[in-house]
Amino acid sequence: MPGPNHYDVTAWPVGDPVRDIGQVINSIIADVKRRQAVTADGGKPGAVIYIPPGDYHLRTQVVIDISFLRIEGAGHGFTSSSIRFNVPEDEWPDLHELWPGGSRVLVDLAPGAGDDASKGAAFYVERDGSPRISSLEFANFLIDGLHFEPDGSDLQPENTYVNGKTGIHVASANDSFRVNGMGFVYLEHALEMHNADALSIHDNFVAECGSCIELRGWGQASKITDNLIGAGFKGHSIYAENHGGLLITANNIFPRGASSVRLSGVTRSSVSNNRLHSFYPGMVVLEPTSSENLVSANHFLRDHEPWTPFLGIDNGRDDTYGLLRVSGNNNSVIGNHFSEIIDAQGIRPAGSTPVVIRVAAGTGNYVSSNNVVALDVHAATSDSCFAAQVDALLATEASDGLTVTTVMVDPGSARNTILDSGTEAQVVADRRSNAVRATPEIGS
Amino acid sequence: MPGPNHYDVTAWPVGDPVRDIGQVINSIIADVKRRQAVTADGGKPGAVIYIPPGDYHLRTQVVIDISFLRIEGAGHGFTSSSIRFNVPEDEWPDLHELWPGGSRVLVDLAPGAGDDASKGAAFYVERDGSPRISSLEFANFLIDGLHFEPDGSDLQPENTYVNGKTGIHVASANDSFRVNGMGFVYLEHALEMHNADALSIHDNFVAECGSCIELRGWGQASKITDNLIGAGFKGHSIYAENHGGLLITANNIFPRGASSVRLSGVTRSSVSNNRLHSFYPGMVVLEPTSSENLVSANHFLRDHEPWTPFLGIDNGRDDTYGLLRVSGNNNSVIGNHFSEIIDAQGIRPAGSTPVVIRVAAGTGNYVSSNNVVALDVHAATSDSCFAAQVDALLATEASDGLTVTTVMVDPGSARNTILDSGTEAQVVADRRSNAVRATPEIGS
Amino acid sequence: MPGPNHYDVTAWPVGDPVRDIGQVINSIIADVKRRQAVTADGGKPGAVIYIPPGDYHLRTQVVIDISFLRIEGAGHGFTSSSIRFNVPEDEWPDLHELWPGGSRVLVDLAPGAGDDASKGAAFYVERDGSPRISSLEFANFLIDGLHFEPDGSDLQPENTYVNGKTGIHVASANDSFRVNGMGFVYLEHALEMHNADALSIHDNFVAECGSCIELRGWGQASKITDNLIGAGFKGHSIYAENHGGLLITANNIFPRGASSVRLSGVTRSSVSNNRLHSFYPGMVVLEPTSSENLVSANHFLRDHEPWTPFLGIDNGRDDTYGLLRVSGNNNSVIGNHFSEIIDAQGIRPAGSTPVVIRVAAGTGNYVSSNNVVALDVHAATSDSCFAAQVDALLATEASDGLTVTTVMVDPGSARNTILDSGTEAQVVADRRSNAVRATPEIGS
């Protein structure tokens, strides 16, 4: 073994990683702590725990309270469980594989009905006192929640996004954590981190989870970059609250999260240069009071659910809610592209004009140089998830224009500046209390 | 060996990886398949195959038809073969090294003249049926095509970018693939992927190849991020067709690709926040019918070839073609910087006015807040590739202004909006069928 | 050991890595060179040197003169030494850990007073001749300078950012280097690279260093992407000189660097899509003559130092200096958000109007679609670094507006274009020699 601080779960004498990798990792952590306690010079360098490719059941929650621990695998091993569970069962024997793979942790916890959400976490991190727990790293393995469960609706149980399971739950204040190259699938909560400082969530694959990335409590100076993300219809692809200086960039966020990015009380942060795709309104929501943020150079696409198993499901929001909704002060919305590609017959409430950017509350927001494309389509659907989505994405011809409000400023909001983001008729705002310069009309 | 699913090519009993790593890897894949077939619970976790630093000839094509395989090395090992082959041969004995290094796969395939391009691929991926092959990962090694070959022209054979070799060819529909930290050099096609979904091509070094990244067939929801890329003069640094929701961002794309980014039938995608440098027009081309894309926050630089061996070579396009050329509907071109730094004496056709952004076809495009810098320089050249390029890049003084058309809308295109992207004289567009607001003149 | 080119510092027979990892790595490099010299076919693939988690003193400088060497650890192991050293010493016994961790190199060099800065470098890279040294990679370990030293001021010595130590110093021209996943802490210079081509500095944690990333000499086609960076108050988070085609993007740069990004003679480069936070003016400085650069889609926040140990310290610049200061030609400043959140009572010089974007010299700059938020706050301070910073970041309410000059064009600068970046009164520029279109006034 290369150095005493390099562990391999398949080579550890305590427990059986295939049966319960949780027990094995906890035993390794205890060993790290025991050995670190006796060093003379105060150094506690932590360790790396390697998970080779393989299927490892987790029946015991991993509890982490030491810094500088890196848990790493050799493959995020994502494959779509959602597609598989919606293939007729009599076709399963013909499938090449039934399950995700790579370095795969199978979450076999069964949290009780009244349990705190953290009880269902495969990896639970908590440490009080000083300093904050630092430089924990999760890299290149998969956490698989296996199944969803009935939620009381008519939904096929595997489509509910409910199972009480969490991939990683960080409960206490932390510094310089990293989550890189990970896969998360079929968890109700993939990654829930409280009170993060200088966190990096980079280059992961987080999909088919109830919610994907949740930054809770408060925090600062973190980044969520270059990930592939797509939550279920009940949760959020990215959610953050009370964060300052958060950088959300270069992510490709696909459906079907209730929101792609939802920020509450987030300030002086950026949502820039992402590709965002959703089947519902409310793609990016700046809840009260999210202020002085920059939403820039993003590509927003909202169209219709094309895949049969999820037809008729949505997040309950009207088309007047806004694809981008801002409730806060002094935010900048600059240089985004919006495509609203919907069936005019299905607009809700019927007869209303869909809203693309809605400034619902707050003052001093600056909305400039955004382009809105709105088309009325007759959406096709298909039993094949991939084909349906690609067909829908590539269909840009033979559509009619759709009348939309590109920017709506609610009466309770004032002192906003709206520039070049819609023609005179497309921008609904009180010109006495806001500054509006309409995009010039064609041929004017 | 850490777990049964962790392989090392230098420790495998079948074959000799130095003589033919292809035979070794195929033997390992057969072993993975054999062992996976007998598991009881349906799990097929795949494996990791490690290639330590070293030179490994590949004489047998690697054929991959299992999911969750990660092939990884410990170094992309790029060095410039182009510079080396253009050093006089009598100086070669004084060179520190002649070849690239790292975990280096030397492609010794010799595809026949009439062979399909896939025959010359070092790594060939194909699997029919369901589910699509998933989570294949290539990481941190180098694929080296070694030599280019005479192409019938007067070119030094090592400068032709032709040899029939491909690094990785993915022939069938796939999901959640990753290509990270790889190096590709001296291949006619570095990476050619068909029908990709949720693909990530991240942080690679792909240079001195005929074409670098080609996404063919159709696909969706993928990202090409944070790479260093530079194709030869015949091919494309990035090419994609029939993709939706593709995110191309944070790449540094250097010369000399015929195009930096060429998109055909690509929709609802982003080319944002890249640094793009080319010696020819047609840097970013949105071919018919590429629609609802965002081209934003990029830095475009077009100047002249400064290195002696490639003087006089170009991609055959006139200077009126456009550095950015758009043929499609409802695209957004927002907030880009363009530097056109050329010798007015060499403009083609002689006497014409170079065009920077050309909307050649389509309707409803939105072009706003782009800045064009155009300078007339007398280009210097040098036998030293690095010095020549840096000198040219840093020379911004002592240049005269050059008259250009910053935006040209062809007569066949209409209903576009052009804002703040050139003065009244610099924007050539029919004002009756387009909306134009010129950038204010100095002192006006 | 997997292949002869894979080394582990804890398994090498020469030296003791815990006592002096420098001696061990130099001995390994000598072995690589010796073995490579006898290969027949000219291949010199280099090697990987693995540093498992642990504390390794470095008493001998590592000297690297071979290509294709990858030195990698299993954890950047950052924790804040700055916070720790400012905890009262009697509380140290209660701390969970005193030092950073991971794969940690403790720099125990003691450069002499008159020594060249490179003498204090833990890793020193130099090779003359051709080709340039290529594909050196540093990955996933920590370089820790341990302590700062008295600087002659009243500062607590651990807060001076002075100790003569450098993490990595690259002295000669180089190609395709990579620095990924590294940590740097308590070094006077973290990473100083001369004459870089196609360099990638990606996903690192570089903080609490005098200066973090310095690209010196000249260079091209490099990228600094997706890092967490924060220098001390004396140095720069990112500094580059005489570079062309540099891409600085997706970084989260936190205080307290004298500059977040300082460019001198840098051309045709991008500073885009970063999150920038500073306690002083002069956050991004384009020194003479930096031309044709793009500064776009960044979030700038300048507020006050909230943490007690550094109160009263700044970079000496007046509030009229500009948060972004441009001295060069034909730069584009597009679509940035600026928050200037300061106490009006502390403006320097007293009674002056703070300047946000200052075009100090040069011609032809294009400043468009930038939003400036300026608030007058009564800054709170705290002994708790994390709490203080988060509290300050989240405080956006209950502030008064602050009068600022959003754009100032100095009299020596001309032919600039200023659009939608401030109201008529907020833009100070000679309208006869510049083009100005003011942001429309509210209700106008």
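Which members of segment B:339-372 meet the condition of being away from chain A (no Cβ under 14 Å) and among the hydrophobic types (A, V, I, L, M, F, W, C)? The answer is B:I341, B:I342, B:A344, B:I347, B:A350, B:V355, B:V356, B:I357, B:A360, B:V372. Does B:N293 qualify as being over 23 Å from C:N330 (Cβ atoms) and open to solvent by 20 Å² or more (accessible area, probe 1.4 Å)? Taking the combined requirement at face value, the residue does not satisfy it.
Considering only segment A:275-286, state which residues are touching a Ser or Thr at 6+ places or on another chain (Cβ under 7 Å) and more than 14 Å from chain C (Cβ to nearest Cβ). Residues satisfying the conditions are A:L276, A:S278, A:G282, A:M283, A:V284, A:V285.
If you go through segment A:280-289 one residue at a time, do you hit one that is charged (D, E, K, R) and either modelled with pLDDT of 95 or more or open to solvent by less than 10 Å² (accessible area, probe 1.4 Å) (or both)? Yes, that holds for at least one residue. Answer yes or no: is there a residue in segment A:18-35 that is polar (S, T, N, Q) and part of a loop (DSSP other than H, G, I, E, B). Checking segment A:18-35: not a single residue is polar (S, T, N, Q) and part of a loop (DSSP other than H, G, I, E, B).
Filtered by the rule that a residue be among the β-branched types (V, I, T) and not in a helix (DSSP H, G or I), segment B:1-17 gives a lone residue, B:V14. As a summary of the residue check, A:G43 satisfies the conditions (1) out of contact with any helix residue (DSSP H, G or I) (no Cβ under 6 Å at 6 or more places or on another chain); (2) in contact (Cβ under 8 Å) with a residue 24 or more places away in the chain except for the one numbered (2). Restricting attention to segment C:292-303, the residues that are in contact with a Leu (Cβ under 9 Å, 6 or more places away or on another chain) and either farther than 17 Å from C:R358 by Cβ or in a strand (DSSP E or B) (or both) total 8. Scanning segment B:202-229 for residues that are of a type in the set (D, E, K, R) and either touching a Cys at 6+ places or on another chain (Cβ under 6 Å) or facing chain A (nearest Cβ under 7 Å) (or both) turns up B:K223, B:D226. Using the structure shown, decide if A:V185 is touching a residue at least 24 places away in the same chain (Cβ under 8 Å), in contact with a helix residue (DSSP H, G or I) (Cβ under 7 Å, 6 or more places away or on another chain) and aliphatic (A, V, I, L, M). The answer is yes for A:V185. As for segment A:304-316, it holds no residue that is in contact with a strand residue (DSSP E or B) (Cβ under 9 Å, 6 or more places away or on another chain), part of a strand (DSSP E or B) and within 14 Å of chain C (Cβ to nearest Cβ). The single condition among (1) under 28 Å from C:Q389 (Cα atoms); (2) of a type in the set (K, R); (3) open to solvent by 10 Å² or more (accessible area, probe 1.4 Å) that A:K223 does not meet is (3). The residue of segment B:7-38 that is farthest from B:L98 (Cα to Cα), among those that are hydroxyl-bearing (S, T, Y) and either within 12 Å of chain C (Cβ to nearest Cβ) or under 28 Å from the mean Cα position of the chain (by Cα) (or both), is B:Y7. Within segment C:244-267, identify whether any single residue is open to solvent by less than 10 Å² (accessible area, probe 1.4 Å), over 13 Å from the mean Cα position of the chain (by Cα) and polar (S, T, N, Q), and answer yes or no. Yes, some residue in segment C:244-267 is open to solvent by less than 10 Å² (accessible area, probe 1.4 Å), over 13 Å from the mean Cα position of the chain (by Cα) and polar (S, T, N, Q).
The combined condition, being modelled with pLDDT of 95 or more and either more than 25 Å from C:R348 (Cβ to Cβ) or of a type in the set (D, E, K, R) (or both), is fulfilled by C:G265. Among the residues of segment A:319-356, those that are assigned to a strand (DSSP E or B), in contact with a Phe, Trp or Tyr (Cβ under 6 Å, 6 or more places away or on another chain) and of a type in the set (A, V, I, L, M, F, W, C) comprise A:F338, A:V356. On inspection, C:L199 does not qualify as away from every other protein chain (no Cβ under 14 Å), buried (at least 24 other Cβ atoms within 10 Å of the Cβ) and out of contact with any helix residue (DSSP H, G or I) (no Cβ under 6 Å at 6 or more places or on another chain). Across segment A:86-110, the qualifying residues are those that are open to solvent by 40 Å² or more (accessible area, probe 1.4 Å) and assigned to a loop (DSSP other than H, G, I, E, B), and the one among them that is farthest from the other protein chains (Cβ to nearest Cβ) is A:A110. Scanning segment C:202-220 for residues that are more than 17 Å from C:F78 (Cβ to Cβ), open to solvent by less than 10 Å² (accessible area, probe 1.4 Å) and among the hydrophobic types (A, V, I, L, M, F, W, C) yields one hit, C:L215. For A:P255, are the conditions met, namely being in contact with a strand residue (DSSP E or B) (Cβ under 6 Å, 6 or more places away or on another chain) and part of a loop (DSSP other than H, G, I, E, B)? Answer is yes for this residue. Take the residues in segment B:46-85 that are free of Cβ contacts under 8 Å to residues at least 60 places away in the same chain and closer than 30 Å to B:S130 by Cα; name whichever of them is most open to solvent (accessible area, probe 1.4 Å). If we take residues in segment B:46-85 being free of Cβ contacts under 8 Å to residues at least 60 places away in the same chain and closer than 30 Å to B:S130 by Cα, then B:T60 is most open to solvent (accessible area, probe 1.4 Å). Exactly one residue out of B:S327, B:S332, B:S339 is in contact with a Leu (Cβ under 7 Å, 6 or more places away or on another chain) and open to solvent by 10 Å² or more (accessible area, probe 1.4 Å), and it is B:S327. Residues in segment A:39-85 that are within 11 Å of chain B (Cβ to nearest Cβ), assigned to a loop (DSSP other than H, G, I, E, B) and among the small types (G, A, S): A:A74, A:G75, A:G77, A:S80.
The values are calculated or read from the model by the stated rules, or taken from the named source; none is laboratory data. Since the structure is predicted, the reported quantities are computational estimates derived from the model, not experimental observations. Here the Cβ is made from the backbone with ideal geometry for all residues, glycine too, and neighbour counts use every protein chain on show. These accessible areas exclude ligands, DNA and RNA; they are computed on the full protein's heavy atoms, side chains included. Shrake-Rupley method; radii C 1.70, N 1.55, O 1.52, S 1.80 Å.
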